[in-house]
1. How long, wide and thick is region 214-308, going by the Cα atoms along their three principal axes, in whole angstroms, largest first?
2. Counting other Cβ atoms within 10 Å, keep those with at most 12, restrict to DSSP loop, and tell me which chymotrypsin sites (Phe, Trp or Tyr not before Pro) in region 13-74 are left.
3. Hey, what's the Kirkwood Rh for region 103-195 if you take every pair of different alpha carbons, in angstrom?
4. Ordering Lys210, Lys46, Lys109 by how much accessible area each has at a 1.4 Å probe, largest first, what is the list?
5. Give, as a single signed number, the net charge of other residues whose beta carbon lies under 15 Å from the beta carbon of Asp71, with Lys and Arg counted +1 and Asp and Glu -1.
6. Please work out the Kirkwood hydrodynamic radius for the chain, using every pair of different C-alpha atoms, and report it in angstroms with one decimal place.
7. Placing unit charges on C-beta atoms (Lys and Arg positive, Asp and Glu negative, everything else neutral), compute the dipole magnitude of the chain about its Cα centre in debye, rounded to 20.
8. Explain nothing, just the number: dipole magnitude of region 195-255 about its Cα centre with +1 on each Lys and Arg Cβ and -1 on each Asp and Glu Cβ, in debye rounded to the nearest 20.
Amino acid sequence: MSVRNRPPVIVALGGINMDLVVSAERMPLPGETVFGDSFHTAPGGKGANQAVAAARLGAEVRMVGRVGRDDFGDALIDGLRHERIDVSRIATDSDHASGVAMILLDSEKQNYIVAAYGANMACDSEQVDAVRDALDGADALLLQLETPLDIAISAARSARERDICVVWDPAPAVALGRDALALCDVITPNQSEAETLTGVAVTDIYSARKAAQALVSAGAAAAVVTLADDGAYFATRGGEHGGSAPFAVEVVDSVAAGDAFAAAMAVALAEGCSLPEAIRFGSAAGALAVTRSGAQQAMPYRAEVERLVAARDMAS
């Protein structure tokens, strides 16, 4: 798919968490205890997940963030280093614990997440400076909302000043003003996040179109609203819009589908692909991510994504 000779350079600023995952037949009612089926820990955090996804898709990745000076922090950095990600700009914090996410999975493979972001939310001007340094020679900046909003905005502004593509996954969802949206080359909310951002209850392709167009009207250059089993809908400031069909797969775990999608889109855009091409690539990556358990370990490799895209093209 690449249209140039060198790997894209992606900078990721975002959450680095340890996921604590429990699966159960159903979620408990208030005051109720239910039997769990299994428990495990796994490296996660939306920023780190996206960094791993981009690296496995062939990008050179520079991670910026903050972890605690604790066992979880050491393990999280080691995991990213194992993926050949540049971790030299990840700070360790003696005053805050590493972030953790409590993830509950029910029998329908839906996830319910409570996160205590710890050191992630202590990101400050040190991380802004680290992003500025990391952006030298970069092609895209990946952002989420597991760091303070003002830090993400400052990072996005630094990227836009250098004409570097900003792909922003607005999760966990908070209201974003026009100033923040104007810094987005592409914003990638899911249904609930799109509703938080626009007030539009996204239930189908038609309401997704309304939400995407509202985000563009509010300042984003392009908005892609993801719809799980119904694919995605996009709109751009230039008037381009349309839907993208989903890839049919068997869902095992939906934890990090959005991270795979956003990272793959950033890689494709950095390689010179059009937005519809990048959405298709991202959709394939997201589809593969839900076919396996976990977050970072579920991120697909490039050859897998290209095979899935090629199979769709041959079938059409």
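1. Taking the Cα atoms of region 214-308, the three principal extents are 37, 25, 20 Å.
2. Values: sites: Phe35, Phe39, Phe72; in loops: Phe35.
Listed in order of number, the matching sites are Phe35.
3. On the way: mean 1/r = 0.0697 Å⁻¹.
For region 103-195, the Kirkwood estimate is 14.4 Å.
4. Values: Lys210 130, Lys46 35, Lys109 80 Å².
Accessible-area ranking of Lys210, Lys46, Lys109, largest first: Lys210, Lys109, Lys46.
5. Numbers: positive: Arg69; negative: Asp19, Asp70, Asp74, Asp78, Asp93.
Summing Lys/Arg as +1 and Asp/Glu as -1 gives -4.
6. On the way: mean 1/r = 0.0520 Å⁻¹.
Final number for the Kirkwood radius of the chain is 19.2 Å.
7. 800
8. Numbers: 3 positive and 7 negative charges, 82 e Å.
Here the size comes out at about 400 debye.
The values are calculated or read from the model by the stated rules, or taken from the named source; none is laboratory data. Bear in mind that the values here come from a model prediction, so they are computed numbers and not experimental data. Here Cβ is always computed from backbone atoms with ideal geometry, including for glycine, and neighbour counts include all displayed protein chains. All accessible areas refer to the heavy atoms of the entire protein, side chains included, with ligands and DNA or RNA removed. Shrake-Rupley method; radii C 1.70, N 1.55, O 1.52, S 1.80 Å.
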